[in-house]
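Everything on this sheet refers to the single structure shown next.
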Amino acid sequence: MVTIGILIFPQVEELDFVGPFEVLSYVNKIQPSSTKVLLVAETAELIYGFNGMKIIPDMTLQDCPNLDVLVIPGGKGRIDAMKSTPIKEFIQKQMIAATYVTSVCTGAFLLAEAGLLTGKKATTYHTAFSELESYSVNVISSKVVQDGKIITSGGVSSGLELGFYLLKQLFSANLSQEVARKIEYAIDINSL
């Protein structure tokens, strides 16, 4: 079973994490016990997303085991999250053991602040390209960009493509395509 942690924080953009959560969890309906998806936060307290969604984390940064995949969403709250030493240290720690460390939208800035994107290819929300370039990142305009074990995805709804890309990498293109069909989402698996 692949253990996937999605980092959440106050004012997180809901679709940034709900999209990957849906795709990466739905695979269990087709191939049981494939993934375990956890919501991870600094504290166990209720979190309010940017659009008002109330979210209860599954665990705290301190309680989180080593993950196979870490997903980092963005949103307005990323500005405060980028300044959090515990979040930076958590990302750096997970980078050591994880198969993939990923981001959606402006979640890429948490990777940049943790020092993981310097000299790497990455993407983010289209209006934040120049800001990400200021971290010495080679910014690529694409839905999904992989550089080694770091995978970044573009803005908001690109988290769905990230989910399908991860399923393709972790399992198979066929399984990824089947999940897309089941949730009625059109993807070109060859372009991922």
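The values are calculated or read from the model by the stated rules, or taken from the named source; none is laboratory data. What you see is a predicted model, and the numbers here were worked out from it, not measured in a lab. Quick reminder, even Gly has a Cβ in these numbers, built from the backbone with ideal geometry, and neighbours come from all protein chains shown.
Pairs, please: C-beta under 8 Å, at least 6 apart or cross-chain, first residue closer than 16 Å to Tyr125 by Cβ and in segment 1-29, second part of a loop (DSSP other than H, G, I, E, B) and polar (S, T, N, Q)? Hits for this filter: Glu13/Asn51; Glu14/Asn51; Leu15/Ser157; Gly19/Ser157. Could you go through segment 54-67 and let me know if any residue there is in contact (Cβ under 8 Å) with a residue 60 or more places away in the chain, surrounded by 14 or more Cβ atoms within 10 Å (Cβ to Cβ) and among the hydroxyl-bearing types (Ser, Thr, Tyr). No: segment 54-67 contains no residue that is in contact (Cβ under 8 Å) with a residue 60 or more places away in the chain, surrounded by 14 or more Cβ atoms within 10 Å (Cβ to Cβ) and among the hydroxyl-bearing types (Ser, Thr, Tyr).
Scanning segment 122-136 for residues that are hydroxyl-bearing (Ser, Thr, Tyr) and over 17 Å from Ser158 (Cα atoms) yields Ser130, Ser134, Tyr135, Ser136. Remark: Leu162 matches the filter, which requires a residue to be surrounded by 14 or more Cβ atoms within 10 Å (Cβ to Cβ), of a type in the set (A, V, I, L, M) and in contact with a helix residue (DSSP H, G or I) (Cβ under 6 Å, 6 or more places away or on another chain). Condition check: in contact (Cβ under 8 Å) with a residue 12 or more places away in the chain, surrounded by fewer than 23 Cβ atoms within 10 Å (Cβ to Cβ) and under 27 Å from Ala180 (Cα atoms). Does Tyr48 satisfy that? No, not satisfied. The residues of segment 92-135 that are assigned to a loop (DSSP other than H, G, I, E, B) and buried (at least 16 other Cβ atoms within 10 Å of the Cβ), listed by number, are Ala98, Ala114, Leu116, Leu117, Lys120, Thr123, Thr124, Tyr125, Tyr135.
Checking each residue in segment 4-45 for being surrounded by fewer than 16 Cβ atoms within 10 Å (Cβ to Cβ) and either outside any helix (DSSP H, G or I) or among the β-branched types (Val, Ile, Thr) (or both) picks out Ile30, Gln31, Pro32, Ser33, Thr43, Ala44, Glu45. The condition of being out of contact with any Pro (no Cβ under 8 Å at 6 or more places or on another chain) and closer than 17 Å to Lys93 by Cα holds for only one of Ala112, Ala122, Ala128, that being Ala112.
Taking the conditions (1) within 17 Å of the chain's Cα centre (by Cα); (2) modelled with pLDDT under 95 in turn, Gln169 satisfies each one other than (2).
Taking the stated definitions as given, is Ile79 farther than 21 Å from Met1 by Cβ, in a helix (DSSP H, G or I), among the β-branched types (Val, Ile, Thr) and in contact with a helix residue (DSSP H, G or I) (Cβ under 7 Å, 6 or more places away or on another chain)? So Ile79 does not fit the description; no. All conditions in (1) in a helix (DSSP H, G or I); (2) modelled with pLDDT of 95 or more; (3) within 17 Å of the chain's Cα centre (by Cα) hold for Gln146, with the sole exception of (1).
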